[in-house]
Amino acid sequence: MNTQLLKGKMAEAGYTQQKLAQAIGVVPQTLSRKLQGKRQFTVGEALAICEVLHINQDQRSAIFLPSKSQICNSPDCSEEKQK
């Protein structure tokens, strides 16, 4: 997840963590844990955030889907790349 991009979108739209949490129906502590990477967003939460912040499909993917480096950072994966 790209937390910095999501936080940038929040700032652009004028949303604090507390205001966004209220808008998507979670408590602020839950949103904070998810933004810190301690918990994952549900699909419903991600869609609600996109709706509230007017995030388009390309931006949605950039924010909520892992990058290749996040997916493939284990030694096993490095061996696969070399084949």
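The values are calculated or read from the model by the stated rules, or taken from the named source; none is laboratory data. Quick caveat: nothing in here was measured; it's all calculated off a predicted structure. Here the Cβ positions follow ideal geometry from the backbone for every residue, glycine too, while neighbour counts run over all protein chains shown. Calculation scope for accessible area: heavy atoms of the full protein, side chains included, ligands and nucleic acids excluded. Shrake-Rupley method; radii C 1.70, N 1.55, O 1.52, S 1.80 Å.
Filter the range 1-29 for residues that are open to solvent by 50 Å² or more (accessible area, probe 1.4 Å) and among the charged types (D, E, K, R) and give the result.
Lys7, Glu12, Lys19
Tell me the residue from Ala46, Ala23 that is farther than 15 Å from Met1 by Cβ and among the hydrophobic types (A, V, I, L, M, F, W, C), please.
On the way: Ala46 fails: farther than 15 Å from Met1 by Cβ.
Every option except Ala23 fails the conditions.
If you take the residues in the range 43-54 that are closer than 22 Å to Ser67 by Cβ and open to solvent by less than 70 Å² (accessible area, probe 1.4 Å), which one is nearest to the chain's Cα centre (by Cα)? Full working, then the answer.
First pass over the range 43-54, keeping only residues closer than 22 Å to Ser67 by Cβ: 43, 45-47, 49-50, 53.
Checking the rest, the ones that are also open to solvent by less than 70 Å² (accessible area, probe 1.4 Å) come to 45-46, 49-50, 53.
Working: Glu45: 10, Ala46: 7, Ile49: 9, Cys50: 10, Leu53: 12 Å.
Top of the filtered list is Ala46.
Report, by residue number, each residue of the range 9-46 that is basic (Lys, Arg) and either closer than 25 Å to Asp58 by Cβ or not in a helix (DSSP H, G or I) (or both). Don't jump to the end; show me each part of the working.
Let us first name the residues in the range 9-46 that are basic (Lys, Arg), namely 9, 19, 33-34, 38-39.
If the condition is that a residue be basic (Lys, Arg) and either closer than 25 Å to Asp58 by Cβ or not in a helix (DSSP H, G or I) (or both), then Lys9, Lys19, Lys34, Lys38, Arg39 are the ones that fit.
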